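Participant: Sending over a structure as structure tokens; questions will come in a sec.
Bear in mind these aren't lab numbers, they're just calculated from the coordinates by the rules spelled out. Keep in mind that this is a model prediction, so the values were computed, not measured. Heads up, the Cβs are rebuilt from the backbone with ideal geometry, glycines too, and the neighbour counts pull from every protein chain shown.
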Amino acid sequence: MASSNALKKVVVIGAGVVGLTTAVKIQEKGGYNVTIIAETFPGDPKTIKYTSLWAGAHHVSHAANDAKQMAIDRETFDVMWELSAPGGPAEHCFLRVSQTDYLLDGRDECLDWMPDFKKLPEDSLVHGATAGSSFTTVNIDTPVYLPYLLARFLSRGGTIVRGSVQHISQVVEGGSNLFRHGRADPEPVDAVIVCPGLGARTLGGVEDKDVYPVRGQVAIVRAPWIRSGRTLSHLEQGLWTYVIPRRSGDVILGGTKQDNDWYPAARPETTTDIIERCLALFPEIVPPAIRSEREGTVEDVRALIVEEGCGFRPQRKGGIRLDVEWIPGREGQAKVPMVFNYGHGGGGYQSSWGSASIALELLEKALATASES
Ligand SMILES: Cc1cc2nc3c(=O)[nH]c(=O)nc-3n(C[C@H](O)[C@H](O)[C@H](O)COP(=O)(O)OP(=O)(O)OC[C@H]3O[C@@H](n4cnc5c(N)ncnc54)[C@H](O)[C@@H]3O)c2cc1C
Ligand SMILES: *[C@@H]1O[C@H](CO)[C@@H](O)[C@H](O)[C@H]1NC(C)=O
């Protein structure tokens with residue numbers, strides 16, 4: 001066995017779904033000692049600065065004609081399908097569901113690779129829809145899946161450190177101990193993996209102004225009788241209505257898509273609007289006992305609300321950033337590669353494993369160059 005000082009020291013910034021998945025991917029490749037530094041971890045109280053706990057989340061790729069993004073999403077689906085298998089290692093984090101997708105503007109979704117994919121006949125579409133399909137997918141129970149990823153990382157010897165990084169140079173010079181004890185690590189950092197989500201706008205050494213928030217408001221209701229998902233999207237108007245049941249019996253009702261809207265709390269009138277849209281799309285969210293006597297109302301659904309809130313999707317002009325830059329190392333030492341993996345917008349779960357694979361490839365190539373020079 002290689003001695004531990006033969007391991008390359010990698011620091012991942014960020015513990016959202018992207019940082020955690022990337023850390024696990026690198027660690028399980030072998031040859032690395034991985035530390036995650038983040039301000040917020042799974043299990044902390046929900047905050048607007050941590051998008052991953054606000055997601056639905058389902059796997060319904062919107063890559064459409066973008067071949068690179070489609071490959072990322074498909075690889076992720078394959079991993080999640082295996083994780084969610086009955087008796088599989090993370091079955092408890094997922095619900096496999098029959099998903100129905102209605103489109104109001106007829107764009108071709110390119111989802112025919114999903115299990116059980118069928119185009120819907122026109123006479124079975126909801127009012128106003130011009131196309132629709134059904135298929136099987138996975139819904140991710142985000143408050144269960146994030147701790148699963150963290151536990152998987154920790155159980156294999158990963159280290160976590162809470163800290164707020166102002167500039168990547170702090171990590172490169174001081175290592176993770178700087179954030180734990182205020183003192184530098186004796187061993188230099190071989191690479192930094194940058195997964196700060198929306199934090200990429202402000203994190204020193206990145207300051208990527210192409211990253212911006214797309215606000216999404218949701219209501220979480222208790223409705224364990226709902227066991228299938230439904231979405232109605234109108235791409236041009238940026239309108240998007242969805243019902244995403246989780247394994248726990250909670251159901252996410254959404255949503256909204258508001259570019260550069262930084263309002264960090266639920267707006268009551270938006271909640272009402274979301275309920276109205278979801279009720280029209282999926283009347284069965286009203287408790288069966290009420291529906292057997294009369295038509296359901298907005299108030300019937302409102303009574304089921306467990307939580308309201310919103311998250312900021314870390315959108316990026318040009319899509320996910322996956323590339324490498326070099327930053328000066330400690331005094332007298334070589335430059336250190338920074339591998340960027342952020343800007344997942346509305347698809348951080350469904351692209352998590354595929355983008356982590358690319359980040360790992362970039363890391364290995366960069367370290368190979370570093371050892372040649
Ligand atoms: C309402 C809603 C519904 C969604 N539905 C889906 C869905 O169905 N399917 C899907 O795939 N995606 C969905 N998404 C998108 C998904 O939630 C995001 O793409 C994903 O969570 C982004 O993850 P992330 O790890 O990049 O960012 P975050 O989860 O925001 O994590 C960022 C991490 O970086 C840390 N950090 C940032 N800056 C610093 C710093 N300077 N120093 C230290 N730490 C720092 C933070 O503390 C945190 O740990 C949805 C989003 C919303 C809001
Ligand atoms: C990884 O590095 C940390 C120091 O940052 C050390 O405490 C730990 O033992 C190392 N783990 C392995 C597996 O070498």
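Participant: Return one number: the angle in degrees, 0 to 90 and rounded to the nearest 10, between the long axis of the Cα atoms of helix 142-155 and the longest principal axis of the Cα atoms of the chain.
Facilitator: So the inclination is approximately 20 degrees.
Participant: Hey, another quick one. Which percent of Cα pairs goes in each bin when the distances of segment 1-119 are cut into 10 angstrom slices starting at zero?
Facilitator: For segment 1-119, the pair-distance distribution reads 10, 30, 34, 19, 5, 1.
Participant: Pairs of Cα atoms under 8 Å, at least six residues apart: use those to get the relative contact order of the chain, whole percent.
Facilitator: Worked out over the chain, it gives 22 percent.
Participant: Would you please name the trypsin sites (Lys or Arg not before Pro) within segment 197-266 that are DSSP coil residues with at most 13 other C-beta atoms within 10 Å of their C-beta?
Facilitator: Answer in residue order: LYS209.
Participant: Continuing with the same structure: Would you please classify the overall shape of segment 227-266 from the alpha carbon gyration tensor, given that a ≥ b ≥ c denote the square roots of the eigenvalues, rounded means a/c under 1.5, and beyond that prolate means a/b larger than b/c while oblate covers the rest?
Facilitator: Oblate shape, in that a/c is at least 1.5 and b/c is the bigger or equal ratio.
Participant: For every helix of n ≥ 4 consecutive DSSP H residues, a contribution of -39,500 (n - 2.57) applies; sum these over the chain, divide by its total residues, and give [θ] at 222 nm rounded to the nearest 500 deg cm²/dmol.
Facilitator: -8000 deg cm²/dmol
Participant: Which residue fluctuates most in the GNM of the chain (Cα springs below 10 Å): TRP326, TRP240, TRP81?
Facilitator: TRP326
Participant: What angle do you read, to the nearest 10 degrees and between 0 and 90, between the alpha-carbon axis of helix 67-83 and the longest principal axis of the chain?
Facilitator: With rounding to tens, the tilt is 80 degrees.
Participant: About the Cα centre, and with charges only on the beta carbon of Lys, Arg (+1) and Asp, Glu (-1), how big is the dipole of the chain? Nearest 20 debye, please.
Facilitator: Rounded to the nearest 20 debye, it is 860 debye.
Participant: Please check: in the Gaussian network model of the chain (C-alpha springs, under 10 Å), which one of GLY229, GLY158, GLY43 has the largest mean-square fluctuation.
Facilitator: GLY43
Participant: Another one. If you plug each phi of segment 282-290 into the Karplus form 6.51 cos²θ - 1.76 cosθ + 1.60 with θ = phi - 60°, what whole-Hz ³J(HN,Hα) values come out, in order, with x for Gly and Pro?
Facilitator: Calculated HN-Hα couplings, in order: 8, x, 5, 5, 6, x, x, 5, 6 Hz.
Participant: Right, something else. Under 5 Å between amide H atoms, partner at least 5 residues away or on a different chain: which partners does GLN99 have, H built in plane at 1.01 Å?
Facilitator: Here PHE135, THR136, THR137, GLY229 satisfy the definition.
Participant: If you build the convex hull over the alpha carbons only and average its shadow over all orientations, what do you get for the chain? Give it in nm² to one decimal.
Facilitator: The orientation-averaged projected area of the Cα hull of the chain comes to 19.7 nm².
Participant: Filter LYS25/LYS119; LYS49/LYS365; LYS49/LYS317; LYS68/LYS118; LYS119/LYS317; LYS25/LYS46 down to the pairs with a C-alpha to C-alpha distance above 29 Å, please.
Facilitator: Among LYS25/LYS119; LYS49/LYS365; LYS49/LYS317; LYS68/LYS118; LYS119/LYS317; LYS25/LYS46, the Cα-Cα distance tops 29 Å for LYS25/LYS119; LYS49/LYS365; LYS119/LYS317.
Participant: Counting DSSP beta bridges in the chain, what percent are antiparallel, to the nearest 5?
Facilitator: 65 percent
Participant: In degrees between 0 and 90, to the nearest 10, how far off the longest principal axis of the chain does helix 17-29 point, with axes built from Cα atoms?
Facilitator: 50 degrees
Participant: With θ set to phi - 60° and the Karplus curve 6.51 cos²θ - 1.76 cosθ + 1.60, what are the ³J(HN,Hα) couplings of segment 50-66 in order, to the nearest whole Hz, using x for Gly and Pro?
Facilitator: These are the phi-based 3J(HN,Hα) values: 10, 5, 4, 7, 9, 5, x, 10, 10, 9, 9, 4, 10, 5, 6, 8, 7 Hz.
Participant: With the Cα gyration tensor of segment 93-160 giving a ≥ b ≥ c as the square roots of its eigenvalues, does the rule (a/c under 1.5 for rounded; else a/b larger than b/c for prolate; else oblate) give rounded, prolate or oblate?
Facilitator: Judged from the Cα gyration tensor, segment 93-160 comes out prolate (a/c at least 1.5, a/b above b/c).
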